[in-house]
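Pasting a structure here, questions to come.
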């Protein structure tokens with residue numbers, strides 16, 4: 001049996017011509033290559049569509065040829081030569097490769113097939129409904145296999161190959177490819193969200209840890225030290241140092257313990273109180289409760305809300321107040337802040353930056369696990385945050 005006639009060794013259904021359809025039976029092996037090279041595919045998704053198509057076709061073609069060569073070599077090793085040239089020598093893997101691509105045009109079949117799969121994914125799956133995609137996949141698979149069957153008949157003669165099984169294989173590959181690409185796209189989106197989160201945290205540190213607060217507090221501590229030599233000054237300096245260490249060290253972590261975050265908020269509030277003069281027109285009430293159940297939270301998540309209350313709710317020459325209630329029970333956080341609201345001066349920045357950053361971090365870190373409501377009344381500002389930490 002020569003190289004031109006060895007297709008007779010395959011399934012009787014395809015004896016009229018060498019079954020290019022049979023090549024699709026090896027698609028699952030090639031598909032595994034996409035999963036193994038997940039990180040590479042993530043980079044490929046950023047290429048233009050035509051470049052994605054070329055890479056897709058090349059990887060699939062190489063995978064199929066490699067799979068066929070290994071399978072054929074293994075069969076020859078186990079069973080001995082079963083495809084023989086006219087001169088009596090065994091058909092080599094290289095001869096099979098040339099036969100596939102020169103005589104049968106497998107490379108062209110791969111190019112056309114992967115082009116249809118890519119277009120179906122980019123133009124239908126990503127932009128239309130699932131129902132529309134399934135219809136498109138079914139019609140495209142039938143059309144492709146019918147054309148391929150008549151191509152086989154024209155090139156090799158004989159009766160057209162059956163199209164039922166090949167159609168199902170092509171449709172399954174197209175569907176699996178779309179689902180895999182969707183999974184990879186979600187991975188890419190998660191990576192981009194992580195980058196956005198990192199940037200948001202950086203902006204939060206830069207925008208909301210007001211450097212003037214540290215300088216003003218240090219000046220106050222200096223004045224206190226002149227008036228008294230003792231524990232209050234030392235304690236205040238220790239609290240300030242603790243805040244600075246927390247913002248520098250803990251802010252790099254994804255999560256910190258709730259106990260650490262509450263200590264940070266407590267120190268921050270105490271230093272803000274110290275900075276303010278003791279006057280009847282300034283009323284500050286705080287209530288922090290924690291059931292001590294081990295729980296974690298994103299660092300500096302609450303600071304912008306607390307800082308805004310002190311930044312915009314206090315006037316030295318007008319009646320003003322801040323009420324802060326923070327509770328963590330059964331791994332659920334409840335924060336209620338109410339403070340005075342004054343007409344904004346022209347040189348005073350708005351309240352939006354801190355709130356925007358906090359909303360962004362909440363949506364990225366705690367999707368479907370938080371409720372944040374903000375009310376701005378005529379003379380007061382109200383913030384309520386409910387956060388599920390488990």
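Which one of 380, 344 is surrounded by 10 or more Cβ atoms within 10 Å (Cβ to Cβ), over 33 Å from the mean Cα position of the chain (by Cα), assigned by TED's automatic domain parsing to the domain that holds residue 302 and at pLDDT 85 or above?
Exactly one of 380, 344 is surrounded by 10 or more Cβ atoms within 10 Å (Cβ to Cβ), over 33 Å from the mean Cα position of the chain (by Cα), assigned by TED's automatic domain parsing to the domain that holds residue 302 and at pLDDT 85 or above, namely 380.
Tell me the strands (runs of 3 or more DSSP E) entirely within the stretch 288-390 that contain at least 2 residues that are under 21 Å from residue 247 (Cβ atoms).
By residue number, 320-329, 332-340, 380-388.
Answer yes or no as to whether residue 150 is more than 17 Å from the chain's Cα centre (by Cα), touching a residue at least 24 places away in the same chain (Cβ under 8 Å) and in the same structural domain as residue 104 (by TED's automatic domain parsing).
No.
Also, I was wondering about something else. Within the stretch 300-322, is there a residue that is in contact with a helix residue (DSSP H, G or I) (Cβ under 6 Å, 6 or more places away or on another chain), modelled with pLDDT under 95 and at positive phi?
Yes - at least one qualifying residue is present in the stretch 300-322.
So residue 47 ticks every box in (1) surrounded by 13 or more Cβ atoms within 10 Å (Cβ to Cβ); (2) assigned to a loop (DSSP other than H, G, I, E, B); (3) free of Cβ contacts under 8 Å to residues at least 12 places away in the same chain but one. Which box is left unticked?
(1)
Residue-by-condition table, conditions (1) over 30 Å from residue 184 (Cβ atoms); (2) buried (at least 18 other Cβ atoms within 10 Å of the Cβ); (3) touching a helix residue (DSSP H, G or I) at 6+ places or on another chain (Cβ under 9 Å):
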residue: 98; (1), (2), (3): yes, no, no
residue: 102; (1), (2), (3): yes, no, no
residue: 107; (1), (2), (3): no, no, yes
residue: 116; (1), (2), (3): no, yes, yes
residue: 121; (1), (2), (3): no, yes, yes
residue: 124; (1), (2), (3): no, yes, yes
residue: 133; (1), (2), (3): no, yes, yes
residue: 157; (1), (2), (3): yes, no, no
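How do the helices (runs of 4 or more DSSP H) wholly within the stretch 88-176 filter down when requiring 1 or more residues that are farther than 29 Å from residue 48 by Cα: which remain?
Helices (runs of 4 or more DSSP H) meeting the threshold: 93-98, 130-156.
Residues are listed down the side, and each one gets a yes or a no for (1) surrounded by fewer than 16 Cβ atoms within 10 Å (Cβ to Cβ); (2) within 34 Å of the chain's Cα centre (by Cα); (3) not assigned by TED's automatic domain parsing to the domain that holds residue 357:
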residue: 247; (1), (2), (3): no, yes, no
residue: 254; (1), (2), (3): yes, yes, no
residue: 262; (1), (2), (3): no, yes, no
residue: 279; (1), (2), (3): yes, no, no
residue: 282; (1), (2), (3): no, no, no
residue: 295; (1), (2), (3): no, yes, no
residue: 303; (1), (2), (3): no, yes, no
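Does residue 291 count as farther than 25 Å from residue 220 by Cα and under 29 Å from the mean Cα position of the chain (by Cα)?
The answer is no for residue 291.
Please go through the stretch 357-373 and pick out each residue that is modelled with pLDDT of 90 or more and loosely packed, with under 15 Cβ neighbours inside 10 Å.
369, 371, 373 - these are the residues of the stretch 357-373 that are modelled with pLDDT of 90 or more and loosely packed, with under 15 Cβ neighbours inside 10 Å.
Quick one: would you say residue 164 is exposed (fewer than 14 other Cβ atoms within 10 Å of the Cβ) and at positive phi?
no
The values are calculated or read from the model by the stated rules, or taken from the named source; none is laboratory data. Bear in mind that the values here come from a model prediction, so they are computed numbers and not experimental data. Don't worry about glycine lacking a Cβ; one is built from the backbone with ideal geometry, like all the others, and counts go over all protein chains shown.
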